[in-house]
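Taking it in order: structure first as structure tokens, then the write-up.
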Amino acid sequence: MAAIEARGLSLTYATGDGPVHALSDVDLTVGEGEFVSLIGPSGCGKTTLLRVIADLERPTAGSIRVNGVTAEEARLQRAYGYVFQAPALLPWRRIEANVALPLEVMGLKREERRARARRQLDLVNLTGFERKFPWQLSGGMQQRASIARALALEPALLLMDEPFGALDEIVRDHLNEELLRLWARTGKTVVFVTHSIPEAVFLSTRIVVMSPRPGRITDIVPCDLGPDRPLEIRETPEFLRIAHRVREGLRAGHAYVG
Ligand code: ADP
Ligand code: MG
């Protein structure tokens, strides 16, 4: 069973200035345990596609299945965790209480909440910071806490929308390595939005290249670098070859401006 199956997805926003065609005829299958990145220029519909998978937007046309059920059923089953670009932690709650928030909403008992929150904090290397408040943590640590919160209900699917976009490059490199390890350890399916080519190539098993509005898929690039990826892999010919193909795909969509 595929983790995600999108067929002929289109989405048009109705706005005061007329319709905005955000997605056009998107076909995408994501297998269980894959790490798929969506890359494309700003405004090409990456967030929209993620929100359709999460059942936060309804497509205008086409169909979407998540874990073999409709996106709505998957949402009600809490089949996914969602990580936003900004950590969005509650400032008056300690880190552990932030991570445990989804568990509180689900009505889990205090001891179970604590055990689970600590397990997730360990996965993102924040053991020892449970009692801190968000403002006592660096930006990178806050984003790790928000990943732990997305993992709290132990979903098989993780949707991540430019989670490291606001961080400096050194912190981002470090979090990329941690995310790879987390992915390898947990076997989650990840759909990851970025507009960084090296980040996409470093992390992914496949890269979905999207064109500017209306967002279409212009290329799907396999990224067979194996599970063991030290940062230095970014200088290997294989890595550069994949990055080149992604860049060409973005250019072909008249997209690349960097
Ligand atoms: P990306 O994440 O790739 O930057 P988005 O999916 O956020 O792109 O947006 C795709 C297009 O749809 C953009 O032109 C954006 O302005 C528009 N858009 C996004 N959300 C809405 C909305 N709620 N109402 C109207 N237009 C929207
Ligand atoms: Mg976006």
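We did not get these values from a lab; they are worked out from the coordinates using the rules stated. The shown structure was predicted, so the numbers you read here are calculated from the model rather than taken from an experiment. For neighbour counting, all protein chains shown are included, and Cβ atoms are generated from backbone atoms with ideal geometry for every residue, glycine included.
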Hz values of 3J(HN,Hα) by residue in the range 57-67 - Karplus curve (6.51, -1.76, 1.60), Gly and Pro given as x: 9, 9, x, 6, 8, x, 9, 9, 10, 10, 6
Here the tail fraction of P(r) beyond 16 Å, over all Cα-Cα pairs of the range 87-154, rounds in percent to 33 percent
Gain upon complete extension [Ala2, His244; 0.36 nm per residue less C-alpha separation]: 84.3 nm
Output ³J(HN,Hα) for the range 72-87: one whole-Hz value per residue in order, computed from phi by the Karplus curve 6.51 cos²θ - 1.76 cosθ + 1.60 with θ = phi - 60°, and x for Gly and Pro. 5, 4, 4, 5, 5, 7, 6, 7, 9, x, 10, 10, 8, 4, 9, x
When a footprinting reagent is the concern and you count Cβ atoms within 10 Å, what order do Lys188, Lys132 take, fewest first? Lys132, Lys188
Fewest first, what order do Asp228, Asp219 take by the number of other Cβ atoms within 10 Å? Asp228, Asp219
Most exposed first, judged by fewest Cβ atoms within 10 angstrom, Tyr80, Tyr13 run Tyr13, Tyr80
Percentage relative contact order, the range 87-154, counting C-alpha pairs under 8 Å, at least six apart: 50 percent
Evaluate the relative contact order of the chain (contact order divided by residue number), counting alpha-carbon pairs under 8 angstrom at least 6 apart; express in whole percent. 25 percent
The long-range amide H neighbours of Met210, using H built 1.01 Å from N in the peptide plane and a cut-off of under 5 Å, are Ile39, Gly40, Thr218
As a test of the formula, what do you get for the chain when each DSSP H run with n ≥ 4 contributes -39,500 (n - 2.57) and the sum is divided by the residue count, at 222 nm and rounded to the nearest 500 deg cm²/dmol? -11000 deg cm²/dmol
Mind listing the phi-derived Karplus ³J(HN,Hα) values for the range 24-32, rounded to whole Hz, using 6.51, -1.76 and 1.60 with θ = phi - 60°, and x for any glycine or proline? 9, 6, 8, 10, 7, 10, 10, x, 4
